[in-house]
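Enquirer: Pasting a structure below so you can have a look.
The values are calculated or read from the model by the stated rules, or taken from the named source; none is laboratory data. Everything numeric here is computed off the predicted structure, so don't read it as measured data. Quick reminder, even Gly has a Cβ in these numbers, built from the backbone with ideal geometry, and neighbours come from all protein chains shown. Side chains included, ligands, DNA and RNA excluded: accessible areas come from the protein's heavy atoms. Shrake-Rupley method; radii C 1.70, N 1.55, O 1.52, S 1.80 Å.
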Amino acid sequence: CLYKFLFSRVKLLSISKTEYEFFNSLFKDLSLRYVPFGVDDKFWFPNQKKTIKPYILAVGNDLARDWDILLEAWDEDLPTLKLVTSLPVKIFKKNIILIKGSWHSQTLSDLEMRDLYRNSEFVVLPLKDTYQPSGQSTCLQAMACSKAVLISDIKGIWDRNKLKHKENVFFVKPGDKNDLNKSVRFLINNFEVRKKIEKNARFLVERHFNSANMKENLKMIFEEK
């Protein structure tokens, strides 16, 4: 068919191993390659946290973000939640602060965003269940800043061989406000587990998910005959 002919003439790249395996199972003849997505770990790096009122950070403008579940799960006895998004959300709790932010409009600079990561207790990314690797760049930026990331265990988690629950990330059931609430409380109260995740998260980005590695992988593919 026409699509098979067109796709046979191009190289398709996936930045998610899960997505790569899914499409490979459907279209055996595709010239599809997996290139691990990476962030600049020379810019996104940890620094000593400033002594300010503790807060937990949530970031993103992707429509796959499940902000409704997060707002429902955020009890009033939890620490302050700083939510950075340009998506329409209604804040109805005193311990939630909405920060209008968009990478495209540069409402917040990268330097300001890095400070928000660094000074947070940890980062929470509730996602709707999808094969899209939603939350990938936010998650890796936070990990590069040596922050524990609580993220929904969606179908589109980009590399299940490398992302390990309670080792370098903390998985939560998608669409489950009770599990999200329980997991947030666990990370708040289990400092040693959090420190372990923080250390391993930074190591994972340095070892695998950084822009230098991504550049080399792309270079090898583009130079293939």
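Residue-wise test of (1) of a type outside the set (Asp, Glu); (2) in contact with a Leu (Cβ under 7 Å, 6 or more places away or on another chain).
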residue: ASP129; (1), (2): no, no
residue: MET143; (1), (2): yes, yes
residue: GLY156; (1), (2): yes, no
residue: ASN168; (1), (2): yes, yes
residue: PHE171; (1), (2): yes, no
residue: LEU187; (1), (2): yes, yes
residue: GLU192; (1), (2): no, no
residue: ASN213; (1), (2): yes, no
residue: GLU223; (1), (2): no, no
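Enquirer: With segment 1-107 as the region, which helices (runs of 4 or more DSSP H) entirely inside it contain at least 3 residues that are more than 23 Å from GLU198 (Cβ to Cβ) and modelled with pLDDT under 85?
Expert: On the way: elements: 2-8, 17-26, 67-73.
Hits in segment 1-107: 2-8, 17-26.
Enquirer: Check whether at least one residue in segment 192-205 is closer than 16 Å to PHE45 by Cβ and touching a Gly at 6+ places or on another chain (Cβ under 8 Å), and report yes or no.
Expert: Restricting attention to segment 192-205, the residues satisfying the condition of being closer than 16 Å to PHE45 by Cβ are 198-205.
Cutting the leftovers down to touching a Gly at 6+ places or on another chain (Cβ under 8 Å) gives us 205.
The answer is yes, given that some residue of segment 192-205 is closer than 16 Å to PHE45 by Cβ and touching a Gly at 6+ places or on another chain (Cβ under 8 Å).
Enquirer: Moving on to the next point. Would you please name the residue that is most open to solvent (accessible area, probe 1.4 Å), looking only at residues in segment 129-176 that are closer than 12 Å to PHE209 by Cβ and of a type in the set (D, E, K, R)?
Expert: LYS162
Enquirer: So, in segment 177-186, of the ones that are open to solvent by less than 20 Å² (accessible area, probe 1.4 Å) and either touching a helix residue (DSSP H, G or I) at 6+ places or on another chain (Cβ under 8 Å) or touching a residue at least 40 places away in the same chain (Cβ under 8 Å) (or both), which residue ends up nearest to LYS128 (Cα to Cα)?
Expert: As a first pass, look at segment 177-186 and keep what is open to solvent by less than 20 Å² (accessible area, probe 1.4 Å): 180, 183-184.
Cutting the leftovers down to either touching a helix residue (DSSP H, G or I) at 6+ places or on another chain (Cβ under 8 Å) or touching a residue at least 40 places away in the same chain (Cβ under 8 Å) (or both) gives us 180, 184.
Details: LEU180: 13, VAL184: 17 Å.
This residue is LEU180.
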